[in-house]
Amino acid sequence: MIKKSYLLLIVIIFNTASLLAQTGFRKGIIITSKNEVIRGLIYKSDGSNYETCQFKEAPNANVVSYSPNDLKLFQFIDGIPYRSINSIKIKDPLKIVDSDVPVFLELIVDGSSSLYRYKKAYYITKSDSSLIKYDNGNVTALSNNGDVQKTKILSYFLNDCDKLPALSDKKNLSEKDLISIIEQYNKCQDVATNAFSDSKPVINTKSKISKGPTTKTFSDYKSIKKIDFGISMGYTNSRMSVKNKLDKYRYLDKSYNSIDPKVGLVFNITFPRFMENISFSTELNFVKSWYSSLVVIDNLGSGTSYYDTFIDLTYLEIPLSLKYLKPILKGTLEIQGGINIDSYINAETKLIAEEVVDNVVTTSESDALAVKSKQSGYLVGINYRMPLKYFKAGLGIRYIYNKNFSGDEDLFVNNDRISVSLIITKK
């Protein structure tokens with residue numbers, strides 16, 4: 001059972017990393033109200049991007065604050081596009097948008113009919129210049145003449161398309177449902193649809209809004225989580241430290257070391273919408289360690305004792321951690337912290353004792369110590385990965401500390417290790 005202290009450690013790491021991940025400057029592009037396209041750095045924070053766009057053209061440049069009156073659109077590179085509500089051709093949209101001033105809306109589907117998100121509510125624009133708000137099952141519509149209507153069924157306001165999926169009659173729609181409805185609605189209106197498998201900027205580098213297909217779906221919303229997986233291989237330097245040794249364990253040395261290869265599988269999960277710089281990581285590593293020692297004890301006139309101790313361990317190492325991701329140069333620096341679980345496939349210990357008294361040798365053999373079948377501890381690490389042509393490759397260094405390795409109640413043994421690994425994951 002994982003101890004409460006380890007769970008507390010994960011909570012602290014998660015909260016600290018979350019705060020770091022949700023703020024900071026990211027690479028991006030803006031379009032001004034005069035159609036000027038400027039590349040630079042955009043400040044990303046949790047919530048404030050709806051009201052302002054903090055922008056600077058270079059890392060050391062002054063920060064300029066743009067309002068929705070100043071920009072038509074801004075977008076983080078390979079990330080989230082935000083469109084000014086002023087650039088949407090709707091009469092008095094603030095009447096049903098929860099704001100007293102112009103705001104930026106997150107753009108999910110861009111087309112003749114588009115899907116936006118503002119805080120927790122979704123907004124749909126139609127080709128007839130009407131605006132529909134969907135918020136937790138409640139549907140409100142603003143017609144082109146300014147009339148407001150309310151219902152519980154979204155299909156009521158999309159009745160000019162008789163081919164909508166049946167889910168449009170549901171009272172609780174997910175974001176994925178809304179995307180499907182808008183894509184089908186655009187097809188029904190004979191509007192070309194193109195759903196991208198990767199998020200792409202709606203702005204190109206030639207100071208124009210990209211024409212392309214009429215409808216674009218941005219995958220940061222269609223796929224809320226991203227998973228990558230791969231393999232790792234390297235070496236582990238592990239150590240057992242014997243503490244509080246009673247006389248009956250005098251045959252044990254103070255510490256044991258073993259350097260061994262390891263190989264395993266790596267899984268990383270990120271949630272770009274919520275914490276784009278945080279990932280959850282788990283691994284399954286196969287490790288085999290071998291320890292041995294010779295302890296010689298003079299029994300003060302009663303002969304000499306020779307103790308050979310052998311410990312052979314085969315186990316699965318299962319790290320569960322959170323990573324804070326920081327782009328550096330052409331790659332990503334990953335700072336890692338979490339818990340580790342060892343599950344032993346095989347744990348053999350042997351003690352060969354030789355007692356020499358008056359030139360008579362007596363030999364006995366027994367188990368050296370009991371080893372717990374499962375152990376837990378904490379881990380910290382740092383990795384650096386960068387994309388190559390067909391995959392991502394990186395190097396990682398990790399420290400793991402497992403407490404109370406032995407199953408003997410009156411023997412206290414710590415087990416800690418440092419590993420260096422080559423990590424290869426899909427691009």
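Within segment 145-156, if we keep just the residues that are touching a Ser or Thr at 6+ places or on another chain (Cβ under 7 Å) and surrounded by 14 or more Cβ atoms within 10 Å (Cβ to Cβ), the residue that is farthest from PRO93 (Cα to Cα) turns out to be SER155. Please pick out the residue among THR314, THR309, THR282, THR332 that is in contact with a Leu (Cβ under 6 Å, 6 or more places away or on another chain) and either hydrophobic (A, V, I, L, M, F, W, C) or surrounded by fewer than 17 Cβ atoms within 10 Å (Cβ to Cβ) (or both). Unique residue meeting the criteria: THR282.
For the condition surrounded by 13 or more Cβ atoms within 10 Å (Cβ to Cβ) and either without any contact (Cβ under 8 Å) to a residue 24 or more places away in the chain or in contact with a Cys (Cβ under 7 Å, 6 or more places away or on another chain) (or both), SER321 does not qualify.
Exactly one residue out of ASN285, ASN346 is of a type in the set (S, T, N, Q), within 30 Å of GLU365 (Cβ to Cβ) and without any contact (Cβ under 8 Å) to a residue 60 or more places away in the chain, and it is ASN346. Counting only strands (runs of 3 or more DSSP E) wholly contained in segment 342-427, the ones carrying 1 or more residues that are modelled with pLDDT of 90 or more, within 20 Å of the chain's Cα centre (by Cα) and farther than 20 Å from THR309 by Cα occupy 374-387, 391-402, 412-426. Selection of segment 118-145 for residues being among the aromatic types (Phe, Trp, Tyr) and farther than 19 Å from PRO102 by Cβ yields only TYR134.
The residues of segment 380-424 that are of a type in the set (Asp, Glu) and touching a residue at least 12 places away in the same chain (Cβ under 8 Å), listed by number, are ASP408, ASP410, ASP416.
To keep it simple, each residue is scored yes or no on (1) in contact with a Gly (Cβ under 6 Å, 6 or more places away or on another chain); (2) open to solvent by less than 50 Å² (accessible area, probe 1.4 Å); (3) outside any loop (DSSP other than H, G, I, E, B); (4) modelled with pLDDT of 80 or more.
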residue	(1), (2), (3), (4)
ILE38	no, yes, yes, yes
LEU41	no, yes, yes, yes
ASP46	no, no, no, no
ASP98	no, no, no, no
VAL101	no, no, no, yes
ILE108	no, yes, yes, yes
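The values are calculated or read from the model by the stated rules, or taken from the named source; none is laboratory data. Just so it is clear, the structure is predicted and the values come from calculations on it, not from any experiment. Quick reminder, even Gly has a Cβ in these numbers, built from the backbone with ideal geometry, and neighbours come from all protein chains shown. What goes into the accessible areas is simple: the full protein's heavy atoms, side chains included, and nothing from ligands, DNA or RNA. Shrake-Rupley method; radii C 1.70, N 1.55, O 1.52, S 1.80 Å.
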